[in-house]
Every structure is written in C-alpha cells, then in structure tokens.
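Down below is the structure, laid out as structure tokens.
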Amino acid sequence: MNIFKRIFARAFQTIMRGASYFLDFRRPTTLISDDAGTAILQICYAKKISNVLLVTDLGIMKLGLAAELIERLSGANIDVAVFDETVANPTISNIEDALRMYKANRCSAIIGFGGGSPIDCAKGVAARLARPKTSITKLRGLLKVWRRQTILIAVPTTAGTGSEATLAAVITDAATHEKYAINDPHLIPKYAVLDAKLTFQLPKHITATTGMDALTHATEAYIGHANTRKTKQAAQLAISLINSHLLTAYEHPDDLVARKNMQLAALEAGVAFTRAYIGHVHAIAHQLGGMYGVAHGLANAVILPLVLKELLPYSHKKLAQLARTIGLVDASVSSIKAGQAFITWIEGLNAKMNITNSFGHLIRSQDIPVMAKRAYKEAFPLYPVPQLWDEGKYRDMYRQLLKE
C-alpha cells in the first residue's frame, strides 16, 4: 500500500477516534435472568408495550426456545407477531418482510431472539423504521441511521456474536452475495436479556464456534489503534472469561456457571469492538459468509490465528499483554514469544473443540479477487488495524484458506 493511502487511512481513523467521544456508545441495559420471559414482561410493563415483533428463525422455533416467551407475553395481553424466517446470514428480503409484519401489526417494540442473525435482522428493521425512505443498501457503512424509532430488545441464545451489545447489523445482499455492516450507535439494543439456560441446547460445534467468535471480537478490538481504557478492560475481561469457561461449556453443556460466564464474555467483547472496531479477520470472514454461506464463527475461528501470525511483528506487545492477562507466560518472556504463545493458545482451543478449516474446498480461485476487493473495501480506511493491507494481501490470505 502506498504511503499516501496509509496517511489518509490513519488520519481518517484518528478523526473517527476523536469523534467517537461525542457519540452515544452506551451499553445496553442488561438484565441477567433465569427467566427471560419475566424479564421481558417487566420491560413491556415499564414501557407500556402492547404489541411486539419477535424476530427469530425456524431452528429456534423447532427447538421450542421461544414458545414459553410467546405464551407468557400473550397471556399478559401483549400481542406477539412472530417473524421466524431469518436465515443464517440475514438478507435484505428478511428485513423487508419483517418490517412489513411490524407495520401490519402496529408494533412498538422488536425482540431479536436467537443468535446473531435474528438480532441483526431485528436491527435492520429498526434501521428501516428510523429511515423509512432509505434502502438497506444505502444505510450500509457509518452513522446513517440517525435516530431510534422503536424499542429494541435483544435476547441471545448463543454466546458469541455480541450483537446484543453492538452498533452493527451485518446484512447479506442475496443478489450479489456481498456481506456488509450497518454501523450506528442508534442500533445498540435498548435492552439485552441474558438467560443462560437458552444456550443449553446448542450443539457442541455451535458452542465452540460462537465462543471463538467472541474471542475474535475481543482480540481484534484490543490490538487495534482505537482503544480506550474501557474497551481494553472489556476485551481483557472477555478473554479471561473465555479462557476460564469456554472449554467447560463445550464439554459440559449444562454447566450453568460456564454458560452464564460465556454470555458475559460475548457481551463484553461486543462492548469492546463497538467502539474499538474489528479488523482483518472479520473483513475476510464476512466475504466467505456472503459468497458461500460459511458460518461466521467458524470462519473467524480458523482465520484468527492466521491473521495474528501475519500481524505479530506489529502487535506482539498487545498480544503479549493478553497472554500475560490469562497466565500463559510471565513477565520474563519476551513480547514476541508471549505474543506467539497467545496465538498457540488459540490454535489449541480450536484443536480441543475440533474446529478445522472445513470450508476451504468451497473457495473458487476465480472468486478470490472479488472477495479480496470487498474485504479491502470493508476494512479500508475504517478499521484501525495494526497493519494496513491492500487487495493483494487479502488475496494471499484467501489462498492460504483455499483447499483444492
């Protein structure tokens, strides 16, 4: 990348970091409960909500996870319109269909119930309500939502995406297979309801990959150039919780303590990257999700150690701090070796949870230039990464992932 582009990107990031002090990066009001239904009823009573749109997916409905909540709300004379057609990478069509349901039922609040996809779909509806004359495509990027027009409640059933705490809604354009984000503080949910029992039925591989998704959020936020004292604390807390509880949640799915702490880890990681941003891992992973439908947590888990190895010369001091935070090394170990120890720890987590590059065979050589261009467009100049990359570097990274 030429020097003028680098100067422009760093100047842009400096301006954005300064501007962030004037934006409302509030944490959602967080309710930690063993009964999500009761917690949501309390919100509805307090805010005089009588009609809600529940945005979820068919998998959640088949598992019956939302049944009790729907019954509780209906029994309290709160009308519930259920949109359950959210796909794994929510599309523009999902958002528009859910928006029509919201309007037809005269709703005044939205509940995003599920993993990151339903919550992101709910955020997309909130964005369209705020900007009714503007398409989702034109809302992509930064600070285009402007206002809040509905009450948004997030109820995560996984512990990883952190969408219940972030300003981002990640959307897929089904026509072009491009995946991109709408970023605006007005999309941070008003409430996040954490009920760890909702994660008990997760398949082990989902527990694993969503946990690694949270780790990616916290790590990319921490090593970037837009940190504040609070985002560093949130990222370190998230990584410490993941170190202590992810393998337990994976090996013992009904361990309530581990599940609760993983939900907190996901929330804290979301808080960290909402202000400090993400990085190259996400830019690469988003395109794999958009092009081939690769699950986001899986892509992040595989890509994270590869990217960190490339960034080690530029981020070894911060990676070393993380390694020391979780007790991998002591102060006598050099920052390069400590940073490498952190990467090795990540690879070990993947191995222990049987996470492998199971998607490399999907990558077509002819698609790599398109994905590299889109990854570059996502990351440059917004992401305050330790090292700026051009399209050529992204092409190299996709080639590392490719399996003939």
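Scanning segment 148-176 for residues that are within 18 Å of SER135 (Cβ to Cβ) and either assigned to a helix (DSSP H, G or I) or open to solvent by 20 Å² or more (accessible area, probe 1.4 Å) (or both) yields GLN149, VAL170, ASP173, ALA174, ALA175, THR176.
Among all residues of segment 97-115, there is none that is closer than 26 Å to GLN201 by Cβ, out of contact with any strand residue (DSSP E or B) (no Cβ under 9 Å at 6 or more places or on another chain) and not small (Gly, Ala, Ser).
In segment 10-29, the residues that are open to solvent by 60 Å² or more (accessible area, probe 1.4 Å) reach residues that are among the hydroxyl-bearing types (Ser, Thr, Tyr) with C-beta atoms within less than 6 angstrom, at least six apart or across chains, in these pairs: THR29/TYR191. The set of residues in segment 30-54 being surrounded by fewer than 18 Cβ atoms within 10 Å (Cβ to Cβ) and touching a Cys at 6+ places or on another chain (Cβ under 7 Å) consists of ASN51 alone. Only residues that are more than 21 Å from the chain's Cα centre (by Cα) and among the acidic types (Asp, Glu) were counted in segment 109-149, giving 0. Take the conditions (1) farther than 15 Å from ILE92 by Cβ; (2) open to solvent by less than 30 Å² (accessible area, probe 1.4 Å); LYS179 misses just one of them, which is (1). Based on this model, can you work out whether ALA320 counts as within 30 Å of ALA11 (Cβ to Cβ) and in contact (Cβ under 8 Å) with a residue 24 or more places away in the chain? Taking the combined requirement at face value, the residue does not satisfy it.
Determine if segment 368-387 includes at least one residue that is assigned to a loop (DSSP other than H, G, I, E, B) and open to solvent by 40 Å² or more (accessible area, probe 1.4 Å). Yes; the residues of segment 368-387 include at least one that is assigned to a loop (DSSP other than H, G, I, E, B) and open to solvent by 40 Å² or more (accessible area, probe 1.4 Å). Looking across segment 65-77, just one residue is within 25 Å of ALA169 (Cα to Cα) and free of Cβ contacts under 8 Å to residues at least 40 places away in the same chain, and that is ILE70.
Being open to solvent by less than 50 Å² (accessible area, probe 1.4 Å), farther than 20 Å from HIS186 by Cα and either touching a helix residue (DSSP H, G or I) at 6+ places or on another chain (Cβ under 9 Å) or of a type in the set (D, E, K, R) (or both) narrows it down to one residue among ASP97, ASP79, ASP57; which is it?
So the residue among ASP97, ASP79, ASP57 that is open to solvent by less than 50 Å² (accessible area, probe 1.4 Å), farther than 20 Å from HIS186 by Cα and either touching a helix residue (DSSP H, G or I) at 6+ places or on another chain (Cβ under 9 Å) or of a type in the set (D, E, K, R) (or both) is ASP57.
When LYS197, LYS232 are checked against the criterion of being under 30 Å from LEU41 (Cβ atoms), basic (Lys, Arg), out of contact with any Ser or Thr (no Cβ under 7 Å at 6 or more places or on another chain) and surrounded by fewer than 22 Cβ atoms within 10 Å (Cβ to Cβ), a single residue qualifies: LYS197. In segment 25-87, counting only helices (runs of 4 or more DSSP H) that sit wholly within it, the ones holding 2 or more residues that are of a type in the set (D, E, K, R) span 67-75. Quick one: THR325 ticks every box in (1) closer than 25 Å to GLN233 by Cβ; (2) touching a residue at least 24 places away in the same chain (Cβ under 8 Å); (3) surrounded by 21 or more Cβ atoms within 10 Å (Cβ to Cβ) except a single one, so which number is it? Checking THR325 against (1) closer than 25 Å to GLN233 by Cβ; (2) touching a residue at least 24 places away in the same chain (Cβ under 8 Å); (3) surrounded by 21 or more Cβ atoms within 10 Å (Cβ to Cβ), the one that fails is (3).
Just one of the numbered conditions (1) farther than 22 Å from HIS296 by Cα; (2) among the hydroxyl-bearing types (Ser, Thr, Tyr); (3) surrounded by 18 or more Cβ atoms within 10 Å (Cβ to Cβ) is not true of THR91: (1). Exactly one residue out of LEU246, LEU267, LEU215 is surrounded by 24 or more Cβ atoms within 10 Å (Cβ to Cβ) and over 14 Å from the mean Cα position of the chain (by Cα): that is LEU246. The one condition from (1) open to solvent by 20 Å² or more (accessible area, probe 1.4 Å); (2) within 22 Å of the chain's Cα centre (by Cα); (3) of a type in the set (A, V, I, L, M, F, W, C) that ILE303 does not meet is (1). Within segment 97-108, residues that are assigned to a helix (DSSP H, G or I) sit with their Cβ atoms under 8 Å from residues that are β-branched (Val, Ile, Thr) and open to solvent by less than 60 Å² (accessible area, probe 1.4 Å), at 6+ positions apart or across chains, in these pairs: ALA98/VAL55; ALA98/THR86; ALA98/VAL125; LEU99/VAL125; TYR102/ILE110; TYR102/VAL125; TYR102/THR150.
The values are calculated or read from the model by the stated rules, or taken from the named source; none is laboratory data. In this text the structure is predicted, and so the values were computed from the model without any measurement. With ideal geometry, Cβ positions are generated from the backbone for all residues, glycine too; neighbour counts draw on all protein chains shown. Side chains are part of the model used for accessible areas, which takes the heavy atoms of the whole protein and leaves out ligands, DNA and RNA. Shrake-Rupley method; radii C 1.70, N 1.55, O 1.52, S 1.80 Å.
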